[in-house]
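These notes concern the structure reproduced below.
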Amino acid sequence: MPVSSVSNFEHFAQKVRHDIALRVKEMEEESHAYRSVKERETDLQIERWLENAREAWEREYRAQEHRGLQAIRESVNKKWSAFREEQTSLLKERLAEALEKVFPLLAECFILRISEQYRSGTFMLPARFASLVKEASFEVKISEKNEVVFMRGNLYIEYSVERIIEELEEALLERMHMEETVWQA
């Protein structure tokens, strides 16, 4: 074997250094590429997690908002119902009081109208209205109730303050502008 010279050794050392430098550079590039891939994957995972968290939060927010609105609707509807019932009851009471005052006149008009329209039948009425039935062809029965009832065959007509209020109730509510849909949220 020949004895190597220093220059051969230097040349060999340079070659080894060069090979090591190349290998280190390749490893650095591979590490950099691996790190870049992992950073992108991590960024995508973070974005997905944030998007899922945002969607879950929005779903919860919408559900909470819906529950809140539903609670408000229910509260408003309960209060509206109570207000409506109170006002309707008050109106009926006042209307009944006013009708009680004018009922004798209304009863007289009713009796005259029925007497013109029908020539015979039976009136059931308080004694104070009996003198209003002028035709002898009508039978008169005295009643304790403050109402006038006319009967003829299958025909039955009741005229009282309660009946008038029943007949007018729908029109009264319309006049009060108390439609349910107005208060829906």
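The values are calculated or read from the model by the stated rules, or taken from the named source; none is laboratory data. Computed from a predicted model, the values in this text were never measured in an experiment. When we count neighbours, we look across all protein chains shown, and the Cβ atoms used for this are built from the backbone with ideal geometry, even at glycine. Accessible surface is based on the protein model in full, side chains and every heavy atom, while ligands, DNA and RNA are left aside. Shrake-Rupley method; radii C 1.70, N 1.55, O 1.52, S 1.80 Å.
Comparing Thr122, Thr42, Thr88, which has the greatest mean-square fluctuation in the GNM of the chain with Cα pairs linked when under 10 Å apart? Residue with maximal mean-square fluctuation among Thr122, Thr42, Thr88: Thr42. Rounded to the nearest 20, the size of the Cβ-charge dipole of the range 62-123 about its Cα centre is 380 debye, with Lys and Arg at +1 and Asp and Glu at -1.
Counting only Cα atoms, the size of the chain along its three principal axes is 162, 31, 22 Å, in decreasing order. Taking a probe of 1.4 Å, how large is the accessible area per residue of the chain, in Å²? With all protein chains present, the chain gives 80 Å² per residue. Placing +1 on the Cβ of every Lys and Arg and -1 on the Cβ of every Asp and Glu, with nothing else charged, gives the chain a dipole about its Cα centre of roughly 140 debye. Here the Gaussian network model covers the chain, with springs between Cα atoms less than 10 Å apart; of Val149, Val133, Val37, Val37 fluctuates the most. Give the angle, between 0 and 90 degrees and rounded to the nearest 10, that separates the Cα long axis of helix 161-175 from the longest principal axis of the Cα atoms of the chain. For helix 161-175, the angle is close to 40 degrees.
Largest mean-square fluctuation among Arg23, Arg163, Arg67, in a Gaussian network model of the chain whose springs join Cα atoms under 10 Å apart, belongs to Arg23. Note: relative contact order over the chain, using C-alpha pairs below 8 Å and six or more positions apart, is 16 percent. Dipole of the chain computed with +1 at Lys/Arg Cβ and -1 at Asp/Glu Cβ about the Cα centre; of Ile111, Ala53, Ala33, farthest Cα towards the positive end is Ile111.
Helix 6-117 axis versus longest C-alpha principal axis of the chain: approximately 0°, rounded to the nearest ten. Of the GluC sites (Glu not before Pro) found in the range 116-173, those that fall in a DSSP loop while having at most 10 other beta-carbon atoms within 10 Å are Glu144. Given +1 at the Cβ of Lys and Arg, -1 at the Cβ of Asp and Glu and no other charges, the dipole of the range 95-177 around its Cα centre is 440 debye to the nearest 20. What residues qualify as long-range amide H neighbours of Val140, i.e. H under 5 Å apart, gap of 5 or more or another chain, H built at 1.01 Å from N? Here Phe123 satisfy the definition.
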